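Only one structure is covered here, and it is reproduced in the block below.
The values are calculated or read from the model by the stated rules, or taken from the named source; none is laboratory data. Just so it is clear, the model here is predicted, and its values are computed rather than measured. With ideal geometry, Cβ positions are generated from the backbone for all residues, glycine too; neighbour counts draw on all protein chains shown. Only protein heavy atoms, including side chains, enter the accessible area calculation; ligands, DNA and RNA are left aside. Shrake-Rupley method; radii C 1.70, N 1.55, O 1.52, S 1.80 Å.
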Amino acid sequence: MINRRLASVAAAAGMAMLLSFPIFSTAAKGKPAAKDDGRETCYGCHDEVKALKEGSKHAKLACSTCHDKLKEHLDNSETRPITIIDSALCGKCHKDEYATSMMVDYEAPARKEKGIPGGRSPVMDKLLAPYGFTIEHNEPRGHAFMVTDQFVVDRFAGGRFQYKQRWAGVDQVGKTWDILEDKGPDFKMGETGKAGNPTCIQCKTSDHILKWKFLGDKDPKAKWDRTSDIIAVAKDTHNPVGCIHCHDPHGAQPRIVRDELINQIDKGSTMFARNGATDLKVISFRDGFRKIGVMKKSDSRMMCAQCHVEYACGKGFEFDSGKGVGYEDQRTNHMPLKQVRELLDHYRKLNFYDFKHAVTGARLVKLQHPEAETYAGSVHEKAGVTCADCHMPVMKNKQGKSYKSHMMVRPRSHVKESCQGCHPKWNAEQQLYQIDAIKNYISGKMRKSEYWLGELIDTYAAAKRFGVDEATLAKAREKHEEAHVLWEWWTAENSDGFHNPDLARDSLAASITASKEGVALLNKALEERGKK
């Protein structure tokens, strides 16, 4: 009884705090519920839900719209209701948005390998050896394929997940296991790997939002955590990332749910700040089991940064000791939110790297897709342009009604909708020419960075073969570590430098310089040995 009273007092205090935020006030724009549908009974325990829902755009929706088995839950609080998180439910009202979110962008090719001639990084196999991305590393092709593309890639599960309809299934969208089949634990294709991990899947799907504790820690209430069996997690993953990643279902407020992004912003990261701060309000559910971050105004810089950032999600090693870092360590769910020139120092302080290079033994960081960090501080970002302005332009349906595309378009293919609203003086041909000029220039710098990294690796191999001293080799490895991060950022980032061409040029030039310095010190040592 005492515990129930304490809980009631705590709930009341929490409600008062929530209502003190303008975004959570029931005086917010919106209409109240049309009738008593029993929601007050739910609000008796879920006051944070009431603060989000009442007065919002979703105020009229009954709790039963998104929850089944409510009666069983009310009869016994230990029996959890079923929460419907399938985006198809949202699509019943938001038809155009849902339809475009599941639309196939045929301009984004499937299974396009980055590490081949004509790919984003032709010498990737050499520069990333022996890391798993050398097995297969494809260019992305949209949200509708986030789960299936990850599961079928050769480095994920040994090739055991395949399209049911073979290659005819490559453009199918929908439920994961309607499209894919599991060939079984004994199935193993040649030249494949088993490098999937549970943390990475949290960006690809919204399915585990109620099954995954904040930061992926172990908890009796969590079905999955960072150490869970990856195949079991995969088999429980049925949908690509959904509406609820960016829109609160209770009140339709813009939000983020990705745990480590919330963690870093809450700890003080100002990467997404305007005038020194963000308006993100962090709300804790179920005694800290999960948290969400809700915004007053939609900011797609943060919404997209739930996935489009550099983050550590795999096992690694410590810089100082070489000791392995496993999934039980929170460093396997980490977002630095640092710019490219700051990143290596950050990871050294964190004492974490991903792998050692097969030839030099340099301790290398494997970068993911740092679009959000790259865009921060760019010309467009300083002008107030957000990701959605270019990648989710306003379209019109057949009835002439405007809506935001949720296909995440490639602006190059939609310059009228994505570019000409801000740049009306330039026609499409001029804008495409300018886009290509930037991408051509930065791609050239990427190729030169790769060339000099290759020279550093080859010169190191020769120096070691001819007995150059360990102190010199160690200095060369440090140059390799530096040059690698400054280059690979741009292989992992998916705009070929367009998001921030000035930063790309600066970083890639610094990579070339570091590689040349490493080559020079090794050649000097080789020359000195030749004179002996």
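Based on this model, can you work out whether residue 350 counts as within 30 Å of residue 473 (Cβ to Cβ) and over 18 Å from the mean Cα position of the chain (by Cα)?
Numbers: within 30 Å of residue 473 (Cβ to Cβ): yes; over 18 Å from the mean Cα position of the chain (by Cα): yes.
Spelling it out, residue 350 is indeed within 30 Å of residue 473 (Cβ to Cβ) and over 18 Å from the mean Cα position of the chain (by Cα).
For residues that are under 22 Å from residue 364 (Cα atoms) and touching a helix residue (DSSP H, G or I) at 6+ places or on another chain (Cβ under 6 Å), scanning just the stretch 299-311, find the one that is least open to solvent (accessible area, probe 1.4 Å). If we take residues in the stretch 299-311 being under 22 Å from residue 364 (Cα atoms) and touching a helix residue (DSSP H, G or I) at 6+ places or on another chain (Cβ under 6 Å), then 309 is least open to solvent (accessible area, probe 1.4 Å). Exactly one residue among 218, 223, 204 is within 29 Å of residue 62 (Cβ to Cβ) and open to solvent by 20 Å² or more (accessible area, probe 1.4 Å), and that residue is 223. Of everything in the stretch 226-237, what is part of a loop (DSSP other than H, G, I, E, B), closer than 22 Å to residue 179 by Cβ and open to solvent by less than 20 Å² (accessible area, probe 1.4 Å)? Give them in sequence order. Across the stretch 226-237, the qualifying residue is only 237.
Condition first: in contact (Cβ under 8 Å) with a residue 60 or more places away in the chain, of a type outside the set (Val, Ile, Thr), out of contact with any Leu (no Cβ under 9 Å at 6 or more places or on another chain) and open to solvent by less than 60 Å² (accessible area, probe 1.4 Å). Can you find one or more residues in the stretch 68-85 that meet it? No, every residue in the stretch 68-85 fails to be in contact (Cβ under 8 Å) with a residue 60 or more places away in the chain, of a type outside the set (Val, Ile, Thr), out of contact with any Leu (no Cβ under 9 Å at 6 or more places or on another chain) and open to solvent by less than 60 Å² (accessible area, probe 1.4 Å).
For the stretch 320-357, the candidate set comprises residues that are among the polar types (S, T, N, Q) and in a helix (DSSP H, G or I); within that set, the residue that is surrounded by the most Cβ atoms within 10 Å (Cβ to Cβ) is 332.
Residue by residue, here is whether (1) of a type in the set (A, V, I, L, M); (2) under 32 Å from the mean Cα position of the chain (by Cα); (3) on the phi > 0 side of the Ramachandran plot; (4) surrounded by fewer than 23 Cβ atoms within 10 Å (Cβ to Cβ) holds:
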| position | (1), (2), (3), (4) |
| --- | --- |
| 444 | no, yes, no, yes |
| 452 | no, yes, no, yes |
| 460 | no, no, no, no |
| 466 | no, no, no, yes |
| 472 | no, no, no, yes |
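Among the residues making up the stretch 358-368, those that are within 17 Å of residue 324 (Cβ to Cβ) and either under 24 Å from the mean Cα position of the chain (by Cα) or crowded, with 17+ Cβ neighbours inside 10 Å (or both) are 363, 364, 365, 366. Scanning the stretch 90-111 for residues being outside any loop (DSSP other than H, G, I, E, B) and open to solvent by 40 Å² or more (accessible area, probe 1.4 Å) gives a total of 6.
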